[in-house]
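What follows is a short report on a single structure.
The numbers here are math on the coordinates, done by the rules we state, and not lab data. Bear in mind that the values here come from a model prediction, so they are computed numbers and not experimental data. Please note: Cβ atoms are built from the backbone with ideal geometry, for glycine as well, and neighbour counts cover all protein chains shown.
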Amino acid sequence: MPVAIITGASRGLGRALAAELAGRGWDLVLDGRNADALRSAAADLEPYGADHAGDAAVRPRVRAVPGDVTAAGHRAELVAAARGLGGVDLLVNNASALGAEPLVPLAELPVAGLREALETNVTAPLALVQEALPLLRAAGGAVLNVSSDAAVEAYPTWGGYGASKAALDHMSAVLAEEEPGLRVWWVDPGDLRTGLYAAAVPDDADFAARPLPESVAPAFLRLLDEAAPSGRYTAPVLLEAR
């Protein structure tokens, strides 16, 4: 079975993507800082398999590896767990930090918060790619970096987070050029009804109307289904084309 590493998998989009892949029988290595929430997410995947048939032969193997993706030792643990399952076919860099909760104008953004956003949203994904690269190359695998519309649009208060996601986008594009044997996707999922978005904009009057992560997760699988070329994608466009 193919193997995926998913960071930030204890909730939100990461958890939804894990469920989609588990439903297809993928083996998974899940990362998250909250150990209890991560183990709960992993336990929820136990009944999954091809068509949810309940056949033990097709049930995914799920490894919950709690920790902080900005820590080198934790990243090594994630890749080691994937190696134990057979390799890395897909690396999903989904874990994100806002830099400030709630978001604030750049004039008020703590420099330490910007560093945290850059460390989590840019440095850690690159370091994890580097750690997993031999296995990704061997599998002819894919890297999926979760981006944001704030990477390409100037929204008040989203400057620090947006700058980190813009850096992630450009890094993804360069990685795609340097590693033509891999597929590298950077995907904007849109504004979702997640804990991260609620922390960013706690007074959003439209929060309850925003789509749930489960509604857009299938868009990401279209990239796998079609072996889509490396590039930047948006979940709404992928969903419309299904």
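Taking the inverse of the mean reciprocal distance over all distinct Cα pairs, the Kirkwood hydrodynamic radius of segment 79-168 comes to 14.0 Å.
Ordering A41, V122, A80 by the projection of their Cα atoms onto the charge dipole of the chain, which places +1 on the Cβ of Lys and Arg and -1 on the Cβ of Asp and Glu, puts A80 at the extreme positive end.
Could you list D89, D36 in order of exposure, starting from the residue whose Cβ has the fewest other Cβ atoms within 10 Å?
On the way: D89 22, D36 10.
Fewest to most other Cβ atoms nearby, the residues stand as D36, D89.
Taken about its Cα centre, the chain carries a charge dipole of about 540 debye when Lys and Arg each add +1 at the Cβ and Asp and Glu each add -1 at the Cβ. Between E46 and V111, the distance separating the two model label sites (each 7 Å from Cα on the Cα→Cβ line) works out to 4.9 nm. Debye calculation, C-alpha points only, no solvent: report log10 I(q)/I(0) for the chain at q = 0.11, 0.15, 0.17 Å⁻¹, in the same order as the q values. Taking Cα atoms of the chain as identical point scatterers yields -0.53, -1.02, -1.34.
Order of V88, V129 from fewest to most other C-beta atoms within 10 Å?
V129, V88
Please return the longest stretch of the chain lacking exposed loop sites, where GluC sites (Glu not before Pro) count only if DSSP places them in a loop and at most 13 other Cβ atoms lie within 10 Å.
Details: sites that count: E153, E226.
Result for the longest clean stretch: 1-152.
In the chain, helices alone account for a calculated mean residue ellipticity at 222 nm of -13500 deg cm²/dmol, with every DSSP H run of four or more residues adding -39,500 (n - 2.57). Each Lys or Arg adds one and each Asp or Glu takes one away; over the other residues whose Cβ falls under 14 Å from the Cβ of L126, this sums to -3.
Among Y197, Y48, what is the fewest-to-most ranking by other Cβ atoms within 10 Å?
Y197, Y48
Note the direction-averaged projected area, equal to a quarter of the hull surface, for the Cα convex hull of segment 10-126, in nm².
Spelled out: convex hull of the Cα atoms, projected over all directions, averaged, 7.8 nm².
Considering only L90, A163, P211, whose Cα is most displaced toward the positive end of the charge dipole of the chain, charges sitting on Cβ of Lys, Arg (+1) and Asp, Glu (-1)? So the residue furthest toward the plus end is L90.
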